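The values are calculated or read from the model by the stated rules, or taken from the named source; none is laboratory data. Keep in mind that what you see is a predicted model, and the values were worked out from it rather than measured. A quick note on method: Cβ atoms are made from the backbone with ideal geometry, for glycine too, and the neighbour counts reach across all protein chains shown. Accessible surface areas use protein heavy atoms only, side chains included; no ligands, DNA or RNA. Shrake-Rupley method; radii C 1.70, N 1.55, O 1.52, S 1.80 Å.
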Amino acid sequence: MLEFIIPNNIVCHAVEAMLFASVACAVLSVIITQVQISSIGFTMAHAAFAGAAVGMFLSLNPTVCSIVAGVAVAFLIGPLSDRARLSPDTSLGLLFGICMAVAIFFIAYMQTLGQGFSAMGLLFGDVISLYREEIYLLAVICIVAIAFIVVLYKEITAIIFDKRIAESVGIRVKPVYYAMLFVIALTVALCLPIIGGLLLYVWLVTPAAIALQFCNRLSTMFVVAPTVAAVISISGALVGLEYSLPVAPLTAVLFSAVFIAAVLLSPRRRVTFRKI
Amino acid sequence: MTASDPVIRLENVYTAYEGADRPTLTDISLSIGRGEFVVIGGPNGAGKTTLLETINGMLHITHGKAVVCGQDVRGDGVQVRCRVGYLLQNFAFDPLTPFTVEEVVLMGRYGTIGLFRKPRTEDYEAVKKSLHLLGIEDLAARPIGQLSGGQQQKVLMAQNLARNPEVLLLDEPFSNLDMFAREEINRLLARLVGSGITVLIVSHAFDDLPDRPVRVVVMQEGKIVVSRECPPKEVEQIVRNAGKGPSHA
């Protein structure tokens, strides 16, 4: 898609993948951080990771398996809390532990079988060996994530503001909330191969955390977060490929550095300090 | 529904919270007419907030019949909530909450606007009108998290008024307000009741009631133990006499 700007095919594919994945994750990061469901995002990322590992081991499509695992976890949290009389936080902790255990078990086992190389890609991401179809799929999920927010903007913003107030003004909170989880699960599963299960969380939280340092309005956050994420991710891909550094971990470090700088420079925090 | 029909009619209603093994409200029967001012009192845990959330369909009715604004609450609570304002108790917004006052008030109309539709000019007009009613037009562009508790309370009140409710449910509406703001809200409530809006208010501050006959409903252990009309000055005494009434704030 971007071959007319970047002639080198490998670099072009890496940039495209990082661009679509970062924009999709960043728009959803605004929802994840503002609805305060980052633990759900975290657990879903690891569930997708476990699903992909199991899929690889069983020679099934890892992407489909990770989508199924991510969605299953999102829909299991409520019933598990009710049946086992656990707080949602404890349920998430349990599911996270189970997902990690399953993922690590299968990755370790595959290593003993000599299939470790492909499995390691699930941990830290692999931006180079993507098929064209996978990049198209990322472009589609990027459009789906943006369309989801545009179409349900009123409902999403009200839920972000306060779920109970959203319900009291006549919004059908549950279907919108579950649709949110479904889109997050889908995005997580499709971004997993390039970013990796261990680092995906950075993409799902940091862009919104950076945007929040500068934005007073949610609508602005939905523009600033993906813009910042796209710039950082493309820079990470270009620098990583130029100097033969691991792209996803390098980009994650860049995200963290930009977040620290944003906190230090944040005009919103300066106002707060002055007021106190 | 005719003008003489009750705007709220509960018949032998039982309500339970999700996952609870027994109902929180038991055998509630209540009939409230258009333009009535109802004060709900009773000790903590008596079921006052539960009663409000039963009326607007936010809680599951396990048994009985509930009709609000001519709509069956058990059928579609969402339709009821589009016509009923509900000011929730106890809230605090983070200073970094990325919403302006105008955006928060506009949310009050989201249910009536409907899914996949954008706010129209009339929605923005309703927001302006309700900001004006509460005297907070000058706060419209301010982030809600940077306002005082009393100002935030007024914003949420404006949010409820923005959808032109037929019934207004207020849970401790005076809790964050100073005496001037209380008087202001009281005058507004009296005007709303005068214009035919039914107001149900859960409060422990009985000296702040509008100067007009009110209906007092006293609850204990999930049941209504008193429901009668009286002058506002007698409300506190009735609540006290009905049992372990709250201490005067």
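Values as computed for the structure displayed
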{"read-out": "Region B:86-123, subset touching a strand residue (DSSP E or B) at 6+ places or on another chain (Cβ under 7 Å) and more than 8 Å from chain A (Cβ to nearest Cβ), residue surrounded by the fewest Cβ atoms within 10 Å (Cβ to Cβ)", "value": "B:Gln89"}
{"read-out": "Breaking point among (1) closer than 19 Å to B:Ala20 by Cβ; (2) in a strand (DSSP E or B); (3) facing another protein chain (nearest Cβ under 8 Å), for B:Met58", "value": "(2)"}
{"read-out": "Test: residue in region A:148-168 that is more than 14 Å from chain B (Cβ to nearest Cβ) and either free of Cβ contacts under 8 Å to residues at least 24 places away in the same chain or of a type outside the set (Asp, Glu) (or both)", "value": "no"}
{"read-out": "A:Ser38, sole failed condition from (1) among the small types (Gly, Ala, Ser); (2) open to solvent by 50 Å² or more (accessible area, probe 1.4 Å); (3) in contact with a helix residue (DSSP H, G or I) (Cβ under 7 Å, 6 or more places away or on another chain); (4) more than 14 Å from chain B (Cβ to nearest Cβ)", "value": "(2)"}
{"read-out": "Lone qualifier among B:Leu156, B:Leu177, B:Leu169 - being part of a loop (DSSP other than H, G, I, E, B) and open to solvent by less than 20 Å² (accessible area, probe 1.4 Å)", "value": "B:Leu177"}
{"read-out": "Residue among A:Val228, A:Val263, A:Val223, A:Val253 that is β-branched (Val, Ile, Thr) and open to solvent by less than 40 Å² (accessible area, probe 1.4 Å)", "value": "A:Val228"}
{"read-out": "Test: residue in region B:226-241 that is under 20 Å from B:Val7 (Cα atoms) and within 15 Å of the chain's Cα centre (by Cα)", "value": "no"}
{"read-out": "Region B:96-112, residues that are β-branched (Val, Ile, Thr) and under 21 Å from the mean Cα position of the chain (by Cα)", "value": "B:Val101, B:Val104, B:Val105, B:Thr112"}
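Residue-wise test of (1) within 14 Å of the chain's Cα centre (by Cα); (2) outside any helix (DSSP H, G or I); (3) of a type in the set (A, V, I, L, M).
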{"site": "A:Ser29", "(1), (2), (3)": "yes, no, no"}
{"site": "A:Gly41", "(1), (2), (3)": "yes, no, no"}
{"site": "A:Ala45", "(1), (2), (3)": "yes, no, yes"}
{"site": "A:Ala52", "(1), (2), (3)": "no, no, yes"}
{"site": "A:Ser66", "(1), (2), (3)": "yes, no, no"}
